[in-house]
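Worksheet: one structure, shown below.
The values are calculated or read from the model by the stated rules, or taken from the named source; none is laboratory data. What you see is a predicted model; the values in this text were computed from it and never measured. Here the Cβ is made from the backbone with ideal geometry for all residues, glycine too, and neighbour counts use every protein chain on show. Please note that ligands, DNA and RNA were not included when accessible areas were found on the heavy atoms of the full protein model with its side chains. Shrake-Rupley method; radii C 1.70, N 1.55, O 1.52, S 1.80 Å.
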Amino acid sequence: MSGARRHEWYAGASDTGLVRPGNEDAYLMEPPLFAVADGLGGHQAGEVASTVAMETLFAHAPKRAEAKGLARAVRAANAAVIEAAEQGRGREGMGTTLTAAMVEGTRIAVAHVGDSRAYLLSRGDLAQLTQDHSLVADMVRSGTLSPEAARQHPNRSVITRALGSDPNMVADAFEVQAAPGDRLLLCTDGLTGMVGDGVIAEILKTAPSPKAAVARLIAAANEAGGHDNITVVVVDLPAGEPRENASAPAEVAARADEPRRVGFARAAWMLAFVAVVAASVLGVRAYARTQAFLIDEGGRVAVYRGVPGEFAGVSLHWLEHLTDVPVAALDPVTEARLARGVRVDSVEEALALVATYRAQASQGTSEPVEPAPSD
Ligand code: MN
């Protein structure tokens, strides 16, 4: 399902980079469906997760470029990754990002979970279509971190949403009306963690073909250090008439000659829609601010204000403390619960629990601590 195809209008590749021992990324090019995934879990489990996600996405993908259907396919992929772990394929705790796009003429449906990204180069302007589900992206959005600092942040790889853990996971999904000749990029953080948007834009602008763009993007990430697996898929949208299928809406063809404005008008509408959803979230958000939970973050116990997961695609938690208590020093039951998040009624209660965890960690006891019921 990967590798070069006979067509020239799209290309993709995955590269191990210069540091990682293996490649846990995966990508899919089955036009009109394209996707990238960044597996998590190590010891080949991440590779299993990203591969299972791709297989399932492909099997469940809708026929048309529509966001709802694509989101359903991503939910199926999530269930398949969870099930694979339960059946001993891969292992417990494995997961994967997934950024998928369906292209129909100049219309693009996108479904997305995690910190892989979709970008659109439209008349020389690069726009990031997806929002990262990551700790640092939350911090950038809340104004506590600059985008530049985010790329250097020690917790930059901590993602707040992935396939493979939460059966109720929600994918971001939306449709974009692009312009003829636009260039779509899907990529994992092995590219965006190493190379800034300016360089990405320049390469997408100047590369004569998707294949050339893919090669240059991967080379740029490796020249910058290649710290992670790098996966990119580049798709050129048709320059004139919609490329395919008689069932494409007539209005898409009709708009082919008055491009740019359509793209931006739709983008503006999308932002307005997001604003409405955000407003409806405010009530839930007020409640969430009174709650707290503890969770394993990079092997240490972290205290968050809020509730795990998202409501209407908006995350409702804010990091309060990243403690120095190592999760591995706690008993297995607590460790397992921390992997999913232990909910409590207040930050104070969370801090009291941290104190008991800390005591347990320093004594090296295996006696289980039984905190307040989670979820
Ligand atoms: Mn990665």
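So the values come out like this:
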read-out: D (Stokes-Einstein, µm²/s), Kirkwood Cα radius, region 104-196, 0.692 mPa s at 37 °C; value: 228
read-out: Å² per residue, accessible surface of region 71-151 at 1.4 Å; value: 37
read-out: Karplus (6.51, -1.76, 1.60) ³J(HN,Hα), θ = phi - 60°, over region 210-217, in Hz, Gly and Pro reported as x; value: x, 4, 5, 4, 4, 4, 5, 5
read-out: Relative compactness, region 52-168, computed as alpha-carbon Rg over 2.2 N^0.38 Å; value: 1.17
read-out: Carbon and sulfur %, accessible surface of region 22-113 computed with the full protein complex present, 1.4 Å; value: 48
read-out: Backbone HN-Hα couplings from phi across region 81-98 [Karplus 6.51/-1.76/1.60, Hz, Gly and Pro as x]; value: 5, 4, 5, 4, 5, 5, 8, x, 8, x, 7, 3, x, 6, x, 7, 7, 7
read-out: Alpha carbon convex hull of region 143-204, projected area averaged over orientations, nm²; value: 6.6
read-out: Sorted largest first, extent of region 1-113 alpha carbons per principal axis (Å); value: 40, 31, 19
read-out: Debye log10 I(q)/I(0) for region 114-159, one point scatterer per Cα, at q = 0.15 Å⁻¹; value: -0.41
read-out: Sequence ranges 227-236, 169-178, 139-148, ranked by mean other-Cβ count within 10 angstrom, highest first; value: 227-236, 169-178, 139-148
read-out: Lys, Arg +1 and Asp, Glu -1 on Cβ, resulting dipole of region 89-153 about Cα centre, debye, nearest 20; value: 140
read-out: Long-range amide H partners of residue 231 with built H, under 5 Å; value: 15, 188, 190, 191
read-out: Surrounding net charge for residue 43, when Lys and Arg each add one and Asp and Glu each subtract one, Cβ distance under 12 Å; value: -2
read-out: Cβ-defined net charge surrounding residue 90, 14 Å radius [Lys, Arg +1; Asp, Glu -1]; value: -4
read-out: Ellipsoid semi-axes in whole angstrom, largest first, where each is sqrt(5λ) of the Cα gyration tensor of region 10-51; value: 21, 13, 5
read-out: Charge sum, other residues only, whose C-beta stays under 10 Å from residue 194's C-beta, Lys/Arg counted +1 and Asp/Glu -1; value: -2
read-out: Long-range amide H partners of residue 130 with built H, under 5 Å; value: 118
